[in-house]
C-alpha cells in the first residue's frame with residue numbers, strides 16, 4: 001500500500017480545509033448582509049473565522065489518526081475507507097451548496113480539483129489493490145463519518161467559544 005493513498009487523505013483534507021480556513025468568515029458575513037437586505041437564497045447561519053478555525057483544529061487530529069489507521073492497516077481499515085468515501089462524496093455537497101446559493105461557497109474551489117479527484121482516485125486505487133470494502137456499506141459509513149465530523153467540528157467549536165466567554 002502506497003503512503004500517497006493513506007497520507008494523501010490528510011493532505012487533501014488540509015488543502016481543502018485551508019480554503020475554508022481563509023474564506024468562511026468574510027463569506028459568511030457577506031452572506032448575512034445579503035440576507036438582511038432581503039436578497040433571495042437559502043438562509044444560512046453566520047459562521048465566524050474563529051468558530052470555523054476552531055472546528056478545523058478539532059478535526060485535524062482525527063483526520064490524521066484516520067490516515068495513520070489507513071497506513072497501519074495497509075488501507076484496509078473500515079474507518080479509513082469510510083473516510084475516503086465520505087471525503088470524496090462531500091465534495092459534491094460543496095458543488096450543490098454553490099449551485100443553491102448561485103455563487104461561491106467556502107470549499108467549492110478545492111472540491112472539484114482536490115476533494116472529488118482524490119476521493120475518486122483513492123476509491124479506484126483501493127479497488128485495484130483488491131482491498132476495497134463493499135461499496136454500499138462503505139459509502140453509508142462514509143456519509144455517517146462526514147456527518148459526525150461536521151457535527152463534532154461545529155458543536156465542539158461552539159462549545160469552546162461558549163466556554164471561553166464564561167471564564
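Just so you know, all these numbers are worked out from the coordinates, no wet-lab data involved. Keep in mind it's a predicted model, so treat the numbers as computed, not measured. Don't worry about glycine lacking a Cβ; one is built from the backbone with ideal geometry, like all the others, and counts go over all protein chains shown.
What to note about this one:
- Inter-centroid distance (Cα atoms) of segment 116-151 relative to segment 63-102, Å: 6
- Whole-Å semi-axes of segment 4-65's equivalent ellipsoid (Cα gyration tensor): 30, 11, 8
- Segment 1-131: relative contact order in percent, alpha carbon pairs under 8 Å with at least 6 residues between: 34
- Ranked by the mean number of other Cβ atoms within 10 Å of their residues, highest first, the peptides 45-54, 132-141 fall in the order 45-54, 132-141.
- Applying the Kirkwood pairwise sum to the alpha-carbon positions of segment 3-165 produces a hydrodynamic radius of 16.5 angstrom.
- Sorted by Cβ neighbour density within 10 Å, fewest at the top, the residues 114, 84: 114, 84
- Rel. contact order, % - alpha carbon contacts under 8 angstrom, at least six apart, segment 1-68: 46
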